[in-house]
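Engineer: Sharing a structure below in structure tokens format, with a few things to ask.
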Amino acid sequence: MALAHHETAIYPTVESLPVSVREAAVAAGLTACWAVPVAVPPDDAQLACITVWRSVDGPPFVSHLVALDRARRLTSLAFERRHTEELLRHAALHDTLTGIANRAQFFGRLEAGTAAVDEQLLAVLYLDLDGFKDVNDTYGHAAGDRLLRCATDHITASVRPGDLVARLGGDEFAVLCSAVSNTTEVEAIAERLIAAVSDPIDMGDHLVRIGVSIGIAVAPASSTSGSALLDAADAALYEAKRSGKGTWRTAPASAPVA
């Protein structure tokens with residue numbers, strides 16, 4: 001049951017509780033329940049709930065409410081430092097606008113992937129949105145931000161579970177694919193991305209269309225470096241742009257090998 005921040009739910013009897021909970025309470029000799037949500041700074045996330053069970057019917061007295069509020073405050077303080085640290089860690093690894101991985105997380109995962117000792121194939125898809133600047137210049141930065149968020153949704157819906165999607169900056173994105181079977185599998189992902197991003201995007205009072213160009217680099221994880229793999233994907237992206245945009249190109253197999 002979701003409770004509003006700081007709102008204490010009082011059940012003078014257990015009759016209104018779900019059947020399974022009510023039966024367990026009655027079996028334990030409990031007849032009343034109070035639930036106090038705990039909101040934790042700095043964003044008032046509801047991370048805990050203090051639940052008090054009683055063997056006597058009725059609502060809490062004023063002294064009970066005071067004790068419950070004190071317990072809520074102390075619990076909030078106990079959670080605050082760890083929660084703040086978690087928020088800072090999340091902010092350090094995620095893009096503020098889109099919520100996906102940022103450059104730092106992408107490069108960290110890329111280097112970890114290329115440090116593997118096995119021969120599994122690792123792939124990087126380097127994406128650049130086609131037509132984004134025109135939309136941003138025509139409709140303004142707010143519309144541009146909305147477009148980036150919509151494009152992000154389309155991109156993340158088109159990759160495999162476990163693939164890492166990151167925004168590298170501006171309208172550039174990257175996808176890191178681990179345990180790839182072959183280059184054909186990665187090219188199929190690129191085809192899905194191009195189709196998804198090219199779908200019309202609803203901007204509220206009008207529709208816009210953009211596209212995406214993609215550079216692909218694939219190599220055995222143990223025989224390449226992260227920077228070499230990304231550079232190869234970047235070079236392939238340049239070739240895709242030269243080819244008229246809205247397409248993909250794959251780097252030569254030897255290009256990403258360090």
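The values are calculated or read from the model by the stated rules, or taken from the named source; none is laboratory data. Every value quoted in this text rests on a predicted model; they were computed, and no experiment measured them. Backbone-built Cβ (ideal geometry, glycine too); neighbour counts: all protein chains shown.
Engineer: Filter the range 201-222 for residues that are at pLDDT 85 or above, closer than 26 Å to V124 by Cα and surrounded by fewer than 19 Cβ atoms within 10 Å (Cβ to Cβ) and give the result.
Structural biologist: R209, G211, P220
Engineer: Determine, yes or no, whether A232 is loosely packed, with under 13 Cβ neighbours inside 10 Å and among the aliphatic types (A, V, I, L, M).
Structural biologist: When the stated conditions are applied, A232 does not pass them.
Engineer: Another question, if that's okay. Tally time: how many residues in the range 157-172 are under 17 Å from I201 (Cβ atoms), surrounded by 18 or more Cβ atoms within 10 Å (Cβ to Cβ) and without any contact (Cβ under 8 Å) to a residue 60 or more places away in the chain?
Structural biologist: Of the residues in that region, 2 qualify.
Engineer: From R81, R54, grab the single residue that is modelled with pLDDT under 90 and either over 18 Å from the mean Cα position of the chain (by Cα) or of a type in the set (S, T, N, Q) (or both).
Structural biologist: R81
Engineer: Related question: For the range 173-190, give me each residue that is in a helix (DSSP H, G or I) and either farther than 11 Å from V212 by Cβ or without any contact (Cβ under 8 Å) to a residue 12 or more places away in the chain (or both).
Structural biologist: Applying the first criterion (in a helix (DSSP H, G or I)) to the range 173-190 yields 183-190.
Residues satisfying the conditions are T183, T184, E185, V186, E187, A188, I189.
Engineer: Looking at the range 77-129, which of its residues are surrounded by 13 or more Cβ atoms within 10 Å (Cβ to Cβ), of a type in the set (S, T, Y) and free of Cβ contacts under 8 Å to residues at least 40 places away in the same chain?
Structural biologist: Residues satisfying the conditions do not exist here.
Engineer: Where residues in the range 173-200 are touching a helix residue (DSSP H, G or I) at 6+ places or on another chain (Cβ under 7 Å) and among the small types (G, A, S), which of them is modelled with the lowest pLDDT?
Structural biologist: The selected residue is S178.
Engineer: If you don't mind, another one. Answer with yes or no whether L3 is modelled with pLDDT of 90 or more, outside any helix (DSSP H, G or I) and either in contact with a strand residue (DSSP E or B) (Cβ under 6 Å, 6 or more places away or on another chain) or loosely packed, with under 11 Cβ neighbours inside 10 Å (or both).
Structural biologist: Judged against the criteria, L3 is not a match.
Engineer: Return the residue satisfying two criteria in turn: it lies in the range 25-58 and is part of a strand (DSSP E or B) and of a type in the set (V, I, T), and of such residues it is farthest from A9 (Cα to Cα).
Structural biologist: Ranking the qualifying residues of the range 25-58, first place goes to V40.
Engineer: Right, another one. Assuming L207 fulfils every condition listed in (1) touching a residue at least 40 places away in the same chain (Cβ under 8 Å); (2) closer than 27 Å to D137 by Cα; (3) not charged (D, E, K, R) apart from one, which condition is it?
Structural biologist: Unmet for L207, out of (1) touching a residue at least 40 places away in the same chain (Cβ under 8 Å); (2) closer than 27 Å to D137 by Cα; (3) not charged (D, E, K, R): (1).
Engineer: Within the range 131-149, identify whether any single residue is surrounded by 18 or more Cβ atoms within 10 Å (Cβ to Cβ), in the same structural domain as L229 (by TED's automatic domain parsing) and free of Cβ contacts under 8 Å to residues at least 12 places away in the same chain, and answer yes or no.
Structural biologist: Checking the range 131-149: at least one residue is surrounded by 18 or more Cβ atoms within 10 Å (Cβ to Cβ), in the same structural domain as L229 (by TED's automatic domain parsing) and free of Cβ contacts under 8 Å to residues at least 12 places away in the same chain.
Engineer: How many residues are part of a helix (DSSP H, G or I), among the charged types (D, E, K, R) and farther than 22 Å from P252 by Cα when one looks only at the range 82-129?
Structural biologist: The number of residues fulfilling the criteria is 6.
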